[in-house]
Number of protein chains: 2
Amino acid sequence: MIKTPYLLFLGDAPDPLAAKVAQGIRDWRPDNAVGQFRMEGCKADMKLPDMTLAEAKAAGAQTLVIGVANRGGVISAAWKKVLIEALEEGFDLASGLHNLLRDEPDLKAVAEATGQVLHDVRIPSVKYPIANGEKRKGKRCLAVGTDCSVGKMYTAMAMDRDMKKRGLKSSFRATGQTGILITGEGVPLDAVIADFMAGSIEWLTPDNDDDHWDMIEGQGSLFHVSYSGVTMALVHGGQPDALILCHEPTRDHMRGLPGYKLPTLEALRDTALQLARVANPACEVVGISVNTQHLGEDEAVAYLKEVEDRMGLPTVDPYRHGSDRLVDALVALG
Amino acid sequence: MIKTPYLLFLGDAPDPLAAKVAQGIRDWRPDNAVGQFRMEGCKADMKLPDMTLAEAKAAGAQTLVIGVANRGGVISAAWKKVLIEALEEGFDLASGLHNLLRDEPDLKAVAEATGQVLHDVRIPSVKYPIANGEKRKGKRCLAVGTDCSVGKMYTAMAMDRDMKKRGLKSSFRATGQTGILITGEGVPLDAVIADFMAGSIEWLTPDNDDDHWDMIEGQGSLFHVSYSGVTMALVHGGQPDALILCHEPTRDHMRGLPGYKLPTLEALRDTALQLARVANPACEVVGISVNTQHLGEDEAVAYLKEVEDRMGLPTVDPYRHGSDRLVDALVALG
C-alpha cells in the first residue's frame, strides 16, 4: 500500500499526454494529490499548486509519484537529482515505469540509507494464492472489452465514483499500474505468474458486505490473442455478478494485431457471459460502455441509441454522459 | 541435462493423481527409472521397486526426481530430510515444483558442499516475446480437457509416438514440468509471466514444414477457474488447426474445486472451438480422448461407443486402445 497523499512528479513532460498517470490521479483521486512538481520545460499541468519538495512535505505529502512517462526507457540524470532529494527529504517514491526504481543502484542505496520505500507498481509485492473458486460474499462487477484500451478502467472508475455519490458501497479494484498508482493499491495482473493470476484476483476482491460492489478494472480482451489469458483469469478469479461490455467503434483491427478484426458486441456478450457463468452462474451482462471520443456529439448519440436498441441494454459513453444508467442497471440487479 | 537413470520420489502423495510427474516418466521413459522412494502415508505407486537411497544408488540411479506435486508450494520438513540425505548420498535433484530447490538455503548449501546439481525445470530460461498472432507455417494440434489431469499430456505423447511410427513429421511440445522432465525441453507455461504466456507458446511452436505437426501439451482447462487463463493462452498462442477433447468420466467435481461440476463434452467442444477460431478460423475438433482408467474393459468400450455415437467424432482411450484413430483423424484433416 502506497502512503498518501502524493506530490505528483511531472518532470519535463514533453506534452500533456505523457502525464497520463498524473492526470488519472488528478481526475479520480484529487484528494490524494497535494501538489505538482514540474521541471524546466514541463508541458503538462494538472492545475495543482506547484510545490518544492519542502513545501509538499510541509503540506503533508508522503510519496512522490512519478506521474509521467520517461523518454527512451531511461531515468535521466535530471530526474535522478529530484528523486534522490525526495528520498532524503523523507518521501517514498512510486513508479509504474518499465525500468524499475529498485534497479537504479543510487536510488536503492539512498532509499536504504534513509529508510524510505521504492514502490515499483509493475512488480507484484504479494505472494498470491492459487484460486480456490469458493463463492465470496459481496458483489463484483467486471468491465470486459471487444479489444484492449477501449475504456475499461475509465468505466469502472466512473461507476465507482457515481456509486459513492449515491451512498452505495463500492471499491475500485485496480489491476494495472495506472489504477494502482491512482488508488494506492491493487494487483499488477500482467506481471503475475500464470498459475497465480486467478488467485491474485480472488485476493484482490475478498469477502465483503452483501451490498458492497467491487468494481474490477478489466485488462486485455477475450478476443485479443496476446492477452486473452489475462482476461480469462479476471473473468474466473473475479467471479463477477455483473459484466459491462466496453467498445470503441472506430477501430479497423485489434490493437497491435493488423490481421484481426474486432468481435461484435453480440459475440463478446455471448462468450464473456458463458465463461463467467462457470465461476458464477448468476452472472448477467448489465450494460454497455462505448468510448465515443472519435465521434461527434450527434454521431455518438445516434451510435449509442443504435447499440442500445440492438442489444437491449443500457448503452452510454460515461465520459460524455456519465455512468448513471450503468449504475442503475447494477442496482436493479439487487 | 539431467543425469539418468532416476529414482522417483513419490513423497507422501495424498492420491495417485498427485504423482503425475512420476507416472509420466514411468509411462514414457520407463528405462530411466530404477525405482521409487515412498514415505509414510504415500498413496501413489508406480509399480516400481521400492528402494532406499542406498539401494537406488547401488542400482545406478544418479538423480532423485521429485515426481509428486505439492499444491500451493511448500517443501515440508519431512521431504527436506530425504532430499538432503539424497544430496549427501551423491544424487542430483530434479524438480518441477513452483518453489525452487535453489531457493531453499539448506538444500543449496548441501548441494554446494557435495558438488551435486539442483535442477529446477519449471523456471523459464528464455525471455519470451509478447504474442503477435501472425499465422505460422506447419500444423498444430492441441489437447483440451474438461478438467485438469484428464490425460492431455498422455494423449499428445501417444499421438506423437504413433505418428512417428508411421513416418509422419511430429514434435511433442512440452508445456509443463512433466513433459520437460521427460523430453528435456519445453516451456514451463504455468511459471511464465502473464503478459508473455501466449508469446511463449508461439515461440515453442514456430514455423515448420507444411506437413509437420506440433503436438502441443495442454494445461488446465477452460472450465477450471484456477488455471483457465493458462489454457486460454495455449488456445490462442498455439493457434491450433486441430483440437482433441480430453475427458475423465468418473469425476464428481473439478479437480480441487468441490463446488464445480465438470462441463459436458459438448460444452467443451463449443467453447474451445469458438475461442480457437479467433486465432485460427480453420480450426476443427477432430477427436476425443477418454481416460477410462476407473472403468472396466466392457464398461470402457461401451462408454467410448456411447460418446462416439453422441458426438460423431472418433473416441478412444489411447492408453487402452492406442491413438491410431486420432492420428487418422489428423491425417484426414490434410
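The values are calculated or read from the model by the stated rules, or taken from the named source; none is laboratory data. These numbers were taken from a predicted model, which means no experiment stands behind them. Glycine gets a Cβ as well: all are built from the backbone with ideal geometry, and neighbour counts include every protein chain shown. Just so you know, the surface numbers come from the protein's heavy atoms only, side chains and all, with ligands and any DNA or RNA stripped out. Shrake-Rupley method; radii C 1.70, N 1.55, O 1.52, S 1.80 Å.
The condition of being within 23 Å of residue B:34 (Cα to Cα), in a helix (DSSP H, G or I) and open to solvent by less than 60 Å² (accessible area, probe 1.4 Å) holds for only one of B:87, B:97, B:93, that being B:87. No other residue among A:167, A:259 is open to solvent by 10 Å² or more (accessible area, probe 1.4 Å), in a loop (DSSP other than H, G, I, E, B) and at pLDDT below 95 apart from A:259.
Name every residue in the range A:31-45 that is part of a helix (DSSP H, G or I) and open to solvent by 60 Å² or more (accessible area, probe 1.4 Å), in order of residue number. Across the range A:31-45, the qualifying residue is only A:31. Residue-level check: of (1) under 23 Å from the mean Cα position of the chain (by Cα); (2) open to solvent by 10 Å² or more (accessible area, probe 1.4 Å), residue A:238 misses just (2). The set of residues in the range B:275-315 being closer than 21 Å to residue B:251 by Cα, buried (at least 23 other Cβ atoms within 10 Å of the Cβ) and among the aliphatic types (A, V, I, L, M) consists of B:288, B:290.
Within the range A:262-282, the set of residues being assigned to a helix (DSSP H, G or I), out of contact with any Gly (no Cβ under 8 Å at 6 or more places or on another chain) and either touching a residue at least 24 places away in the same chain (Cβ under 8 Å) or more than 10 Å from chain B (Cβ to nearest Cβ) (or both) comprises A:265, A:266, A:267, A:269, A:271, A:272, A:273, A:275, A:276, A:277, A:278.
For first residues located in the range A:25-53 and closer than 22 Å to residue A:80 by Cα, partners that are among the hydroxyl-bearing types (Ser, Thr, Tyr) and assigned to a loop (DSSP other than H, G, I, E, B) and lie 6+ apart or on another chain with Cβ distances below 8 Å form the pairs A:37/A:52.
Scanning the range A:198-227 for residues that are within 8 Å of chain B (Cβ to nearest Cβ) and part of a loop (DSSP other than H, G, I, E, B) yields a total of 5.
Residues of the range B:1-30 that are in a helix (DSSP H, G or I) and of a type outside the set (A, V, I, L, M): B:16, B:20, B:23, B:24, B:26, B:27, B:28, B:30. Could you check how many residues of the range A:142-162 are outside any helix (DSSP H, G or I) and of a type in the set (Asp, Glu)? So the count comes out to 1. For the range A:46-84, a residue qualifies if it is touching a His at 6+ places or on another chain (Cβ under 9 Å) and open to solvent by 20 Å² or more (accessible area, probe 1.4 Å), and the qualifying residues are A:70, A:73.
Here is the figure for the range B:111-141: residues that are assigned to a helix (DSSP H, G or I) and either in contact (Cβ under 8 Å) with a residue 40 or more places away in the chain or open to solvent by 30 Å² or more (accessible area, probe 1.4 Å) (or both) total 3. For the list (1) within 12 Å of chain B (Cβ to nearest Cβ); (2) more than 26 Å from residue B:219 (Cα to Cα); (3) within 16 Å of the chain's Cα centre (by Cα), I need the number of the one condition that residue A:186 fails. All conditions pass for residue A:186, except number (1).
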